[in-house]
Amino acid sequence: MAGGIGASWHAISQDAIDESPDYKWALRYKNNRGSAWGGNPPVTNKKAWEQIYRHAGWLGMSFIRVELSARMYEPERNRFDWENEEMQALYKILDWAESNSADVFLQQMWSNVKWNSYPGVQPLLSAPKSLEDFAEGIATLVEYLTVTKKYTCIKWISITNEPPGGSWGSWWSMGETNPPVTPAWKEVRKALDRKNINIPISGPDWTDLPVFDASKIDFDEYIGAYDIHSYQGIDEQKQKIVEEWAKWAKLHNKPLFLSEIGDMRKGWKDDNPGPKSFEAALSNAESVLRGISAGVSGFNRWSFTNRGDLDGQWQLIKTWNIENQKYYDKIEPEPVAFYGYGIITRFMSKNSLVVHTDSITNKSILSNTLKSDDGGLTTYILNKSDTARSITLRIGGAGPLKLYLYSVTEMEVSRPGYRMDPIKEINLSDGEILTLDLPAESINTLTTRKLMHEDPAGK
C-alpha cells in the first residue's frame, strides 16, 4: 500500500457562501458544501483540541484527507492570508499529522472566490476564470506549507473536490457551459514544478464509484495518483469497478486511493443518524476489505470531525451539539462509529504489505491480512451474517506467533464504558490451524500487536 487508513479532517469553518439571488447559476440549498465545514471548535479552545488530538491518536489514523478552500488563503488575487482562524486550524491538523507520522492527502474542496469566478456564476460553483491564477495560488499555498512551515507530512495534492466526470461536485460551471478539468491539472503541475515542488497531484476525485472508462483519462501525465469516492458501499460487483481502476493505476505505476468512503444507503442529509450506525460500520469494513483485495492503496472515511446536522451524522467524535447549536467543551467519541471504524484503523500501519489470503467460499465472511514495516501481522475478518460463524484460519511461513484477538459488535460498542481490549491471547505455531468463533455481524482483528484500550495506537 502507498498509504494507510484514516478520515477526512477539514479546516474550513468561516468560509461564508455568497447566496445572492443575482447569480444565474448557483447552489442554493442547506448542504451545498456537503458537510466539509464547521466540525472543529475554535482554535483558541486548546483543551478541546487536546481532546481531539487524543482521539485521533487512539484511532491511529495514518492517511488523512485534510480539506481547505482557496478563500481561506487567497481571498483576493495575490493577497494571501496565512494567519486567519481557518489557516490556524489547518496548522493544528498538520501539526498532529507531522507528530504522528500520518500522510496527508491535501484536498482543496472548492475555490469560493469571487475574483476568479465567471460572471453570473456563484463563486462556490464556478470553475476558475483564470487557470494560471488558480494554479499559482495552489502552488504558493503548498510552497508556504512545505518550505516556510516545513511540513513534511503532505504527500499528495488534490485541486478540487468531485469535479465533472462524476455525479456531483464542485467546479461545475462557467455559465452556459461546463468546464474541463484537465487543463487545470496541467497548469497546477507546471506551477508546482516552477517552484521545485515534486509532491504529486491526485485525481480525478470523482464520485460516486464511477465505472472506469479509459477514454475519459486524458490527464495521466499530470497526476501521480488516482483517487475516487464511494458512497453506496462496495459489494462483489462494485469491487470489479475498483479492480479496473486499480489495474489501470498499477499499469501507470501509480497508486489508487478511495479518498472518500461511506454508505448513503444507510441514510444522509440533515441530522440523519444513518452514517454513524453500526450497519454503516459493517459496510465501511466491507469496502475496506474489498478495496484491499482490489488493489487500493489508501482509505479515507467521511469524516473525523463533522457537525452532524448538515448532511447526516458522519462524525467519529462529538464536537458539535446539534440540539444547542454550539461546540462541546468535552469531546467524546461517537461510540458506535468510532469503535466500529477504530478496530480497523488502530491496527493498520501505513505502507503495509498486502499478504496473500486464500479466498473464502462463504460469502458472508471477508478477510485480508497486512504486514507492517516492522514485520507485524494483522488479519481482519468481517462476519456480515446475522448468525454466528465458526471459521478455521492458518498462517503459513511466519513462524510461531503470539496473536491478540479483538472483536466489535453493535451490542458491545453501544455499552457504556466499552473498552477495546484483546478478548483472547493465542500462541500459534507455524502452519497450525486455528478455529475462531465469530459473533454475528461483527468486525474482528487478529494481530501480533497488543494494545490495551488506554494505549494510543502509536506510529
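The values are calculated or read from the model by the stated rules, or taken from the named source; none is laboratory data. On a predicted model such as this, the values are computed, not experimentally measured, just so you know. Glycine gets a Cβ as well: all are built from the backbone with ideal geometry, and neighbour counts include every protein chain shown. Accessible surface is based on the protein model in full, side chains and every heavy atom, while ligands, DNA and RNA are left aside. Shrake-Rupley method; radii C 1.70, N 1.55, O 1.52, S 1.80 Å.
Screening Leu446 with (1) of a type outside the set (Ser, Thr, Tyr); (2) under 26 Å from Ile64 (Cβ atoms); (3) open to solvent by 80 Å² or more (accessible area, probe 1.4 Å); (4) in a strand (DSSP E or B) gives one miss only, at (3). All of Asp358, Asp270, Asp311 fail the test of being on the phi > 0 side of the Ramachandran plot and open to solvent by 10 Å² or more (accessible area, probe 1.4 Å), apart from Asp270. When Ser20, Ser13 are screened for being over 22 Å from the mean Cα position of the chain (by Cα), within 27 Å of Gln325 (Cβ to Cβ), part of a loop (DSSP other than H, G, I, E, B) and not charged (D, E, K, R), only Ser20 passes. In the set (1) in contact with a helix residue (DSSP H, G or I) (Cβ under 9 Å, 6 or more places away or on another chain); (2) farther than 17 Å from Ala56 by Cα, Glu334 fails one condition alone, (2).
The set of residues from segment 197-215 being among the charged types (D, E, K, R) and over 20 Å from the mean Cα position of the chain (by Cα) comprises just one member, Asp213. For segment 23-41, a residue qualifies if it is farther than 17 Å from Gln315 by Cα and either at pLDDT below 85 or part of a loop (DSSP other than H, G, I, E, B) (or both), and the qualifying residues are Tyr23, Lys24, Ala26, Leu27, Arg28, Tyr29, Lys30. Restricting segment 174-185 to residues that are crowded, with 17+ Cβ neighbours inside 10 Å and modelled with pLDDT of 90 or more leaves a set whose member that is farthest from His229 (Cα to Cα) is Met174.
Within segment 392-422, being open to solvent by less than 40 Å² (accessible area, probe 1.4 Å) and outside any loop (DSSP other than H, G, I, E, B) holds for Leu393, Leu401, Leu403, Tyr404, Leu405, Tyr406, Ser407, Val408, Val413.
Does Leu434 satisfy the condition of being aliphatic (A, V, I, L, M), part of a strand (DSSP E or B), over 19 Å from Leu353 (Cα atoms) and open to solvent by less than 50 Å² (accessible area, probe 1.4 Å)? When the stated conditions are applied, Leu434 passes them.
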